[in-house]
Structure formats: structure tokens, C-alpha cells
1. Could you check region 104-129 and list, in sequence order, the residues that are in a helix (DSSP H, G or I) and in contact with a Lys or Arg (Cβ under 6 Å, 6 or more places away or on another chain)?
2. Could you grab me the full set of residues in region 4-58 that are among the hydrophobic types (A, V, I, L, M, F, W, C) and under 21 Å from Y396 (Cα atoms)?
3. Please go through region 337-384 and pick out each residue that is among the aromatic types (F, W, Y) and modelled with pLDDT under 95.
4. Which one is farthest from R294 (Cα to Cα), of the residues in region 213-225 that are surrounded by 24 or more Cβ atoms within 10 Å (Cβ to Cβ) and of a type outside the set (F, W, Y)?
5. How about region 33-57: which of its residues are farther than 23 Å from P376 by Cα and of a type in the set (D, E, K, R)?
6. Within region 50-67, can you find the residues that are aliphatic (A, V, I, L, M) and in a helix (DSSP H, G or I)?
7. Being out of contact with any His (no Cβ under 9 Å at 6 or more places or on another chain), modelled with pLDDT of 95 or more and part of a loop (DSSP other than H, G, I, E, B) is the requirement here; does N234 meet it?
8. With within 17 Å of L27 (Cβ to Cβ) and among the small types (G, A, S) as the only criterion, which of S363, S373 stands out?
Amino acid sequence: MTVNIRGPVWMDLDAHHRWLKREQERLLQFHELPALAGDIGFAPLDREGKPLLDGARELYATARLVYCFALAHLMGRPGAATIARRGLQALSEAFLDTDNDGWFNSISRTGAPLDTTKNAYAHAFVLLAAAGATQAGLDGAANLLSHVDAVLDKHFWREDEGAVVDALTADWTVLEPGYRGQNANMHLTEAYIAAFEATGDSKFQRRAERISELIIVRNGESSKWRIPEHFDENWVADPAYNIDGRADPFRPYGSLVGHWFEWARLVLQLNALPGSRLNWAPEAACQLFAAATRDGWNVKTGGIVYTVDSGGNPVNINTMHWAMAEAVGAAVYLYRVTSDPTYEAWYRRFWSYISLSVMDLKSGSWWHELDSSGKPAFETWSGKPDLYHALQATLYARADSSCGLARAAHDGRIR
């Protein structure tokens, strides 16, 4: 990519920050009133933002909304704490498996368990929600943080591996003894960073470092920075896993380019923590970003392709909104560390694509998926159930990058 930056750096520009704040406001307005609909937790939303009251309440989605509205409360948004508390109540009561401990993967509008699987991915978001809500000073959040930490320790964490297993049955029998996944571990890394900043407990920092070393150091260079998604129980990559599942929202065949961007941000966040042991992080983040833009950017239409195979060949060329949000975050963190104008140039390119193609300026929020021609698609996602990735994208350039977003909001370090 030719770097030709003229004028002030967008990431530091007050006018651009005002634009980001307006988009933050638009996103929160889309989600806040529907979040109060229904009896328990948060109902999924359709394409226009209407709550699907009979739809399943997903654990990960509920936890993400708690985290988002905890951030909004920290940034001074009236009513945000009420919404976050509603979600905290659902996490503390309706989703909780009172017989076996842990949290059900999904429940009905009345609180009946629908999917009783104990999923590490969703439990990681419970920890993230609890950490954010703890920093927001919301009642019950600290107890929830301690509770989910204990569950993760007892049932998911494998000390000899330095990572968690992916999924177990309701009674904690290993569901897939031969499978390990990087996705749950990546999001647990994010949650551990937030938990460290909420509690000061160095255990969370060290575990996040161990996961990142397992996934990134062990696999980065050997995979040409195309980080594998799926592994066997010995953490050997399985590139053929789910070869017929190109549109799976959580375990698709191939490698998810958006996750390379996400890891670039996370290892830089980890490296910024006091006492960091990740002296390899800046170089790894640069390599991850380079691979993601090389293999993932659709030069014909713009956007980041969903998945590629182990050789970097596109598998699913649809663009997911969350991958664009993570690309924004990686560009910000790398520019802050390196001052390389390449990252500012990509930052502008990412936001230009988002503003013209991903934002739904008629009905609200962002289209969650776009097809190869840049039109809204619904092969992988239906409706607009998620706020988490898009909201964070509006914060990265405005936040102090030496800490996580909840800590930055708590300390008044988001412009």
C-alpha cells in the first residue's frame, strides 16, 4: 500500500473524535430501548432493531451488552447503568446453573435452559462483563467476577496447557476431548486483561500472557501469521476442521482474518501492562497486521474477507462487521506504538469502508455481514444482535491505549 498522508492524523483530530462520538451515540440509541424489552435479559434484535421477544437469550450476547453499557455508564450516559444491571441480574440468576454451577449457553424468554452446554467462549464474556461492571461500580459485579473466575479455574483452565478447553456438558464432562479452539482463548485473553485492571490480581495478567504465547508465539511465524483457529488436544493445528462449514459463526473452516487484527491489538495491550513479559509483542503485532491486510483486504470491493485457508487463499469472501471493527483497533494500537503512517492510512481506509458500506444509516447500527458485492447478507448472521465490536471501534482512537477501555473510561481517559 502506498502511504500518502496529508493533513493532521485522523486518530488525533478533534473533528474526527466528534464524528466517532456521534457514531457511538447512534449505536447506543439503537440498542438501549430494545434492551429493556421482554422479561429476562436481552432479546435478540432483527434488522430494524425490533426485539425478537421469543428469541433465545444468548449468554455471550447478554454479557457483551452488560460490558457495553457498563462502559457507557462510565462515560456518563444516563440510563446505561439500569441496562447493565438488568443484564447482570440475568447473568447472576437466569443463566446460572444452580445444580452444577456455571452458566447455560442460552435460555428462553422465561429463563428455561435451551442450550445447557458450558462454553468457554461465553464464560469469557461473563468475565469481561463482570470486570467492566466492577470498574463501573455496579452492585454484584465483583461477586460475579469472583464466581466466574472460580468456575473457569475449576472446570476450563488446563495449567499444563496454559489455555482453556472449549466446551463441556452441563455436568462438566468434556464435550469434545479432541478439540481445542483459539477463539475462546483469545476472548479470555481480553477478559483476563480487563479482570487484571479491575482487581490488580497478577494471575489474570500471567494467564493472558500464557495464552498469547501458546497461540501467537507457537503458531505465528510457522503459519506465516495466518493464526489457526482449530487444534487437537495437543495444540497441533487442524486446518481441515469443519471443512464443510464455511459460514459457521463460531467455528468456520479456515482462519479468521479478523482474529489476526484482534490478536495484534491484544498483544500490544498486554505488553503495555506493568511488568509485561511480552517483549516479542510489537514485532508480532506488525506481522499479524501485515498478514491480515495482505490476505484479507478485498482489493476489488474493499472489506476484510471472513476466512482464508492455511495458504492464504480466500474461503469465505463475505465481510463481517466485527472484522472491520477489529481492523480499526489494530491500526490504532500499532500507530500509537510505531508512529508509522502506514497504520494511519489503513485506519482511514477501514473507516471509509465502514461509513459507506457497513453502517446502516436508514435502520440503525451496522450491517453484520456483507456479500462479495458489498450488499447486506445474512448467510452467517441474521438481524443486528451485537453492539460490542462496533462500540469499541468508536473508542479506540479516543482512548488511552496504555490500558483497556474499561480502565480508560474509569479514569476519564477517553476523549
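1. Once the filter is applied, which keeps residues that are in a helix (DSSP H, G or I) and in contact with a Lys or Arg (Cβ under 6 Å, 6 or more places away or on another chain), region 104-129 yields only F125.
2. I5, V9, W10, M11, L13, A15, W19, L20, L27, L28, F30
3. Those that are among the aromatic types (F, W, Y) and modelled with pLDDT under 95: F378, W381.
4. Here the residue is I215.
5. Residues satisfying the conditions are D39, D54, R57.
6. Correct list: L59, A61, A63, L65, V66.
7. yes
8. S363
The values are calculated or read from the model by the stated rules, or taken from the named source; none is laboratory data. The structure presented is a predicted model; accordingly, all values stated were derived computationally and were not measured. We place every Cβ from the backbone using ideal geometry, glycine too, and count neighbours over all the protein chains shown.
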